[in-house]
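Structure record follows, encoded as structure tokens.
The values are calculated or read from the model by the stated rules, or taken from the named source; none is laboratory data. Everything quoted here is computed from the prediction, not taken from an experiment. Heads up, the Cβs are rebuilt from the backbone with ideal geometry, glycines too, and the neighbour counts pull from every protein chain shown. Remember, those area values only see protein heavy atoms, side chains included, never the ligands or the DNA or RNA. Shrake-Rupley method; radii C 1.70, N 1.55, O 1.52, S 1.80 Å.
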Amino acid sequence: MCFLGIVLFSVIIIGRAVYIQQFQGSHWIAEANQQQQKFVEIDAERGTIYSEDGSMLSTSLPFFDIYIDFAADGLRQKEGRRFKENLDSLSMELAALFYDRASADNRTAADYKQLLQKGYKKKDRYFLLKRNISFQQYKVLRTLPLVRQGKDKSGFIAEVKDKRLNPYGLLANRTIGLSREYVDSDGKMKNTNVGLENTYDSILRGETGKKLMRKVAAGVFVPVDGTEIEPRNGKDIVTTLDVNIQDIAENALLNVMRENECTSGTCIVMEVATGKIKAIANLGRRPDGSYWEDLNYAIRASEPGSTFKLATMLSLLEDKHVSLNQRISLEGGKWQYSTRTVYDSEVHAENDVTVKHAFELSSNVAMAKLVTNSYVRNPMQYINHLRKLRLDKYSGIDLLGETTPVIKTPKSKTWSNTSLPWMSFGYEVLISPLQSLMLYNAVANGGKMMKPYLVNEVQENGFTVRTFPPQVLEETICSPETLEKLKECLEGASGNAGGTGYKLFKDAPYKVAGKTGTSQVANGNRGYADHIHQSSFAGYFPAKNPQYSCIVVVINKPFAVKYYGAAIAGPVFKEIADKLYALNADKDIQPAPLRLKKDSTNYFYAGAAEEMRTVMDELQWKYRDSAKTASWTRVYAANYQPVMGGQEVSRKNMPDVRGMGLKDALYLLENMNLKVGVRGRGRVKGQSITPGALISKDQSVIIELN
């Protein structure tokens, strides 16, 4: 019975084994391979972000992790003679290559020798030698003893990865986009982007590839040669930013903020005619007192203060509720309305003034009285003007993270009988500095409101694949009559005695149209008790032919000594305007007309005959063709008319390549088995071997271009 039981049990085991092999074999082989092999993604090379003038604002640099396969057949042949013969010299070269003066942890040649011997003894298949070496170091590494013999004989493996770099550091850092590292749920280090890096991530990142990795030890995988699916590199984007203007704006803002220990600030410069953002600076104060582009304050909504009075004046003038010469009492800078009191930021020497002068003085009392008297029975008439100015909508700029603007209506939960007068001078509304700038830019642009944008075009391999033209959001924000009056008010606020910006620009060689703003900022539950002020200045320049509009908004520290818009934000605006005016002052000067004379002394070209004919036919030039059937031609002038003459080419004699472009010269010479060296660029002006001289195979010739 025991014997029969053993036989039966054996039959079952053998039957099961046959079943697994014959019927389930492919399944279990696949399962085993999955444990021994896996595909990993290869990141594509991320596209570059350029400024409008072609400067790199953000790019990817390659860094390398260096591993060694100490079990490589070529490395261990003949009892490891190749490894032992190169060990000392390789260790010395590695110590010299990776020496860093700034680091206290530098390995000596003896350290590297011991490290390499330890890995060799263990037959480590994926031994980590060095992380994050630069491309320059990698190029040197490939020339070192043993490494230069190749991967199969040395066992050296390089894994490339890209790191994002902003060559200009602080400059527009938040707008371009910082890469922030974080650990995901799987414990892997990931990057998250902001700014343009985030908005255009799908364009910049390209398409990932794959490579097969084989398991060689617990948790250790090495790449399998020939299994890679190449990634497709990302496209480049060309922004509207101007490096010079950005640098001017960034430094002007930084200097004022440092001097006054301000908490945060932003500055935006926009091209009037197009809506292009030429500069956008965002600075926040860090605990150590330094400043960095930590948040994009330009698109964060807040109470704008007195710069909002431009929208109020537009409404009043458009509805013909007031005229600029109409008189109004400032009530001594204090006006009681319902249960609250409106205050002017300072007591004015004048009390009975025109509406225009009240705007120039930035009187809260005047704006509150005018709006209340005009719209108290129909607040929506005023609010509809604000909506037409798109102050209740996102700006539409190509940046993520724009906060929601708030324009109250009588249906809002927080609406009260004092909301209307307080809205008139920039309280109880929330709009971003960029939205305010759009309004001022529209006034400068003849009433046409442009969409602000940051990207001009997308490029792939240097060729433009997509462009972003300027977009008009509103053809006109008001009537031409109202527009002229608004310009008059803005020019008066910065150019007339008594205007809040007069002292800033009274000696400037150009006129500015702009408005100051000063408002208190609530500090959580403490409200306005900490006396934190927001200083702002918005406007455009030159007033008569506006090229740029600009806004500066700065949050001051609690109980700051200086906090008025003209004292904090105004100097930033002025420095930017002064420098841009100086840079563009000569653009209106027309150059003297060129005086041309007929001169054919430098009229000499050479190249492939068919291509030369194609060019001249496309240009519709009249020419005489004497080249006949010759493949190569020389074009010269006769009686100021092009003439094509044939050029015979012999493989035994040096051809005359003078007058050719580099493409034709290289094609002709290298097909004659000559080694060509090139100096300069342009057309060939000289060659080291005289035309017609006998030549031999692999002979060297140098051609000079000019």
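The aspartates and glutamates within cross-link reach of LYS557, meaning a Cα-to-Cα straight distance under 19 Å and a gap of 8 or more places when in the same chain, are GLU259, GLU261, ASP288, GLU293, ASP294, GLU303, ASP530. When peptides 490-498, 279-287, 520-528, 609-617 are sorted by average Cβ neighbour count within 10 Å, with the highest value leading, the order is 279-287, 490-498, 609-617, 520-528. Per-residue ellipticity at 222 nm, computed for the chain from helices alone with -39500 (n - 2.57) per DSSP H run of at least four residues, works out to -9500 deg cm²/dmol.
Run a plain Debye calculation on the chain (Cα atoms as equal point scatterers, no solvent) and give log10 I(q)/I(0) at q = 0.07 Å⁻¹, rounded to two decimals, same order as the q list. Debye curve over Cα of the chain, log10 I(q)/I(0) at q = 0.07 Å⁻¹: -0.76. For the chain, the membrane-span-like helices by this rule, meaning whole DSSP H stretches whose C-alpha atoms cover at least 27 Å of axis and whose Kyte-Doolittle mean is 0.0 or above, are 2-23; this says nothing about an actual membrane. For the chain, carbon and sulfur atoms together expose 50% of the accessible surface, with a 1.4 angstrom probe and every protein chain in place.
Expressed in Å, the radius of gyration and Dmax of the Cα atoms of the range 202-342 are 27.5, 89.
For the chain, the solvent-accessible area of protein heavy atoms averages 53 Å² per residue (probe radius 1.4 Å; ligands and nucleic acids excluded). In terms of Cα to Cα distance under 22 Å, which lysines are near enough to LYS451, apart from those fewer than 8 places away along the same chain? List returned: LYS276, LYS278, LYS309, LYS388, LYS393, LYS487, LYS515. Starting from one equal scatterer on each C-alpha and no solvent at all, send me the Debye-based log10 I(q)/I(0) for the range 263-376 at q = 0.09 Å⁻¹, two decimals. Here log10 of I(q) over I(0) equals -0.38.
Above 18 angstrom, tally the Cα pairs of the range 12-76 and express them as a % of all pairs, no decimals.
Values: 1505 of 2080 pairs.
Tail of P(r) above 18 Å: 72 percent of Cα pairs.
Taking the charge dipole of the chain about its Cα centre, with +1 at Lys and Arg Cβ atoms and -1 at Asp and Glu Cβ atoms, the residue from GLY659, GLN547, MET257 reaching farthest to the positive side is GLY659.
Based on the Cβ-Cβ distance from GLN381 to MET56, what FRET efficiency comes out when R0 is 56 Å, to the nearest 0.05? According to the calculation, E is roughly 0.65. Positive-end ranking of PHE425, VAL365, ILE42 along the dipole of the chain, with charges on Cβ about the Cα centre, is headed by ILE42.
Each label was represented as a point 7 Å from its Cα along the Cα-to-Cβ direction; for SER700 and ALA522 these points are 7.8 nm apart. Taking a straight Cα-Cα cut-off under 17 Å and skipping sequence neighbours fewer than 8 places away in the same chain, the lysines within cross-link reach of LYS334 are LYS369. Shape descriptor for the range 390-537: Rg over Rh equals 1.03 (Cα atoms; Rh from the Kirkwood inverse mean 1/r).
Round to the nearest 0.05 the FRET efficiency obtained for ASP43 and ARG101 when R0 = 25 Å and r is the Cβ-Cβ distance. Mind showing how you got there, number by number?
Numbers: r = 32 Å, r/R0 = 1.27.
Using R0 = 25 Å, I get an efficiency of 0.20.
Of the listed residues LEU165, LEU669, LEU4, the order by accessible area with a 1.4 Å probe, largest first, is LEU4, LEU165, LEU669. Computed about the Cα centre, the dipole magnitude for the range 229-367 is approximately 340 debye when only Lys and Arg (+1) and Asp and Glu (-1) carry charge, each at its Cβ. Label separation (VAL561 vs GLN114): 6.1 nm, computed from points 7 Å beyond Cα along the C-beta direction.
Peptides 246-254, 15-23: what's the order by average Cβ count within 10 Å, highest mean first? Mind dumping the intermediate values first?
Values: 246-254: 22.6, 15-23: 10.0.
The densest-packed peptide leads the list: 246-254, 15-23.
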